[in-house]
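Just below is one structure, and these are the notes that go with it.
The values are calculated or read from the model by the stated rules, or taken from the named source; none is laboratory data. Keep in mind that this is a model prediction, so the values were computed, not measured. Cβ placement follows ideal geometry from the backbone for every residue including glycine, while neighbour counts extend to all protein chains displayed.
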Amino acid sequence: MVLAGALVKLATTFIQGRQHKSAAKAKAEANIMLKASDDVAAWERIQAENSANSWKDEFLTVLLSIPLILCFIPGMVGSVEAGFAALETMPDWYQIAISVVIGSSFGVKQIMKLTKTKNHGKETNAKDSSTTTNT
């Protein structure tokens with residue numbers, strides 16, 4: 001009987017130790033996730049502060065609006081289409097670099113939201129979302 005009691009106590013101690021270990025691991029993971037979200041928030045705050053006096057966003061807005069405006073000018077649609085066709089032939093690294101510049105200016109999260117909205121919530125890779133087909 002004493003041996004059985006000792007085994008039960010040993011098993012209980014073992015189980016409690018595992019529970020404490022699991023709780024400590026869960027707490028550590030929660031702390032890591034909290035720290036990561038704090039870091040993201042701090043980064044976004046710094047980016048917002050840095051862009052407060054920058055003209056880059058306004059410049060990119062005007063630049064990206066040019067094809068839109070040209071589409072409403074008679075005879076310019078062909079030039080816009082030719083320009084986009086030429087951009088599609090650019091190397092991937094160049095297209096990615098342009099995406100990074102635009103994403104850093106307007107926010108990568110906003111670009112991702114726009115891409116998901118355009119594709120009706122379907123996950124796509126960057127190459128698929130940057131090209132369209134005419135049907």
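Here are the numbers for this structure:
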| quantity | calculated |
| --- | --- |
| Failed item, numbered, when residue 135 is tested on (1) in a loop (DSSP other than H, G, I, E, B); (2) loosely packed, with under 11 Cβ neighbours inside 10 Å; (3) at pLDDT 85 or above | (3) |
| Any hit, the range 73-83, residues being under 24 Å from residue 106 (Cβ atoms), at pLDDT 90 or above and out of contact with any Asp or Glu (no Cβ under 6 Å at 6 or more places or on another chain) | yes |
| Residue 67 modelled with pLDDT of 80 or more and loosely packed, with under 10 Cβ neighbours inside 10 Å | no |
| Selection status of residue 42, free of Cβ contacts under 8 Å to residues at least 12 places away in the same chain, among the small types (Gly, Ala, Ser), more than 30 Å from residue 105 (Cβ to Cβ) and part of a helix (DSSP H, G or I) | no |
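For every residue, the table says whether it meets (1) among the acidic types (Asp, Glu); (2) at pLDDT 75 or above; (3) surrounded by fewer than 10 Cβ atoms within 10 Å (Cβ to Cβ).
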| residue | (1), (2), (3) |
| --- | --- |
| 54 | no, no, no |
| 57 | yes, yes, no |
| 90 | no, yes, no |
| 109 | no, no, no |
| 117 | no, no, yes |
